[in-house]
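The structure appears right after this line, and notes come after that.
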Amino acid sequence: MRRPFAVLLAAVLAIGLAACTTPGSTAAPGSTTGAPDDCPAASAALASLDLAADVRAVQGQSSACLPSTAIDPVADDTAPALPVTVTDSEGRSVTVDDVSRILPIDISGTISSTVFALGLGDRVVGRDSSTDFPGTEDLPVVTKAGHTLNAEAILELAPTVVLTDTTIGPKEVRQQLRDAGIAVVVISGERRLDTTGELVTEIATALGVPSRGQALSERLDARLQTALAEIADVVPVDPTDRARMLFLYVRGSANVYYIFGEDSGADSLIDAVGGVDVAGEIGWQGMKPMTAEALVAAAPDVLVMMTDGLESVGGVDGLIERIPAVAQTPAGAHRRVIDMADTAVLSFGPRSADVVLAIARALYAPESSR
């Protein structure tokens, strides 16, 4: 049985983030190498770019970046139909009768971006430290030590409904909020390309805007299918010519090195861009501490990493120095790393299609992402 993505991701990120954040810290919008201004070709069609002749032989680092970090709300402006009673992902029956002050919080900023995409951004009263898209800059951050809920900060905002998942906690704070009379809806923590529609439906239902949810799900699915079709046109026909890819999560300051394997969410990204998920080849399930043996056995051509994680080890040079086994892989020999902003790469929400295309551009047209 698949372990909940939220539990796995929270456990991994908590270890790394604890050593690289300070109370009250926030992610600075546009601070990573994946900022739109750094990628003038971020909106270009893949086929129009200078494609690599051999995707497995490309050398050097490239950054996957979004054409825009803005969230585009749906046109549907149907008013919320309340009250609504839902059974959340933890089996609790929750009645929501007021969505005038919404607090969406998780470890990736996905819930908040979905609320904004549903056209309810003007009702959001606070944010987590991963929410950094336009329109959220002035919202107070309610997480401390990176991704830990601050009960006092939340109660000061007087939210009428809190949308969260188990990637962020502690659970005692969620109970404290319930005891204070706040409707707390725990959303499913499954984050994959194929669960985006379910995520949207859960959130839209809890906020009493099911028609907006349907409109958003249909739009996101259409955009994703268009993106996948665009990528399919440049994927090598022969499977042996396709890039062998591995998602590596690192936090140098905490000496945290993890491989994200099957059912981690990273595998769905690799599949979407037409790569070969080498973690799956060696039977790597979920998110587990990296071993040199596993890395060498996987023999990736390309490492996919979070931008801040790569920077935490001093870039590609530092990565190879800290993890000598990297040098024993084709990716290490070619210094081939694709990095993407921490708040984007595994967000799986309104920007899923853009995320997939960004990684595809960095993979197949690396010169456009340098």
Residue 353 is checked against (1) assigned to a helix (DSSP H, G or I); (2) surrounded by 24 or more Cβ atoms within 10 Å (Cβ to Cβ); (3) hydrophobic (A, V, I, L, M, F, W, C); (4) within 22 Å of the chain's Cα centre (by Cα) and fails just one. What number does that condition carry? (2)
Restricting the search to region 168-200, which residues are farther than 16 Å from residue 114 by Cα and part of a loop (DSSP other than H, G, I, E, B)? 168, 170, 180, 181, 182
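In the set 200, 235, which member is farther than 24 Å from residue 295 by Cβ, over 21 Å from the mean Cα position of the chain (by Cα) and among the aliphatic types (A, V, I, L, M)?
Details: 200 fails: over 21 Å from the mean Cα position of the chain (by Cα).
Every option except 235 fails the conditions.
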Run down 256, 250, 304, 273 and say which single residue is buried (at least 20 other Cβ atoms within 10 Å of the Cβ), out of contact with any helix residue (DSSP H, G or I) (no Cβ under 6 Å at 6 or more places or on another chain) and not acidic (Asp, Glu). 304
Give region 294-348 a look and list any residue that's over 17 Å from residue 363 (Cβ atoms), within 16 Å of the chain's Cα centre (by Cα) and assigned to a helix (DSSP H, G or I), or say none. 308, 309, 342, 343
Please go through (1) touching a Gly at 6+ places or on another chain (Cβ under 7 Å); (2) modelled with pLDDT of 95 or more; (3) surrounded by 23 or more Cβ atoms within 10 Å (Cβ to Cβ) for residue 165 and return the number of the only condition it doesn't satisfy. (2)
State whether the residues of region 267-274 include one that is under 19 Å from the mean Cα position of the chain (by Cα), over 24 Å from residue 53 (Cβ atoms) and either outside any loop (DSSP other than H, G, I, E, B) or touching a residue at least 12 places away in the same chain (Cβ under 8 Å) (or both). yes
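Looking only at region 238-256, which residues are within 18 Å of the chain's Cα centre (by Cα) and of a type in the set (Ser, Thr, Tyr)?
249 - this is the single residue of region 238-256 that is within 18 Å of the chain's Cα centre (by Cα) and of a type in the set (Ser, Thr, Tyr).
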Taking interchain pairs and intrachain pairs at least six residues apart, which have beta carbon atoms under 6 angstrom, with the first residue in region 320-347 and without any contact (Cβ under 8 Å) to a residue 60 or more places away in the chain and the second in a loop (DSSP other than H, G, I, E, B) and not charged (D, E, K, R)? 329/299; 329/300
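Yes/no per residue for (1) assigned by TED's automatic domain parsing to the domain that holds residue 113; (2) small (Gly, Ala, Ser):
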residue	(1), (2)
217	yes, yes
233	no, no
266	no, yes
282	no, no
287	no, no
308	no, no
Restricted to region 111-149, and to residues that are assigned to a loop (DSSP other than H, G, I, E, B), over 15 Å from the mean Cα position of the chain (by Cα) and without any contact (Cβ under 8 Å) to a residue 60 or more places away in the chain, which residue is farthest from residue 342 (Cα to Cα)? 125
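The values are calculated or read from the model by the stated rules, or taken from the named source; none is laboratory data. Please read these numbers as outputs of a predicted model, since none were measured by experiment. Heads up, the Cβs are rebuilt from the backbone with ideal geometry, glycines too, and the neighbour counts pull from every protein chain shown.
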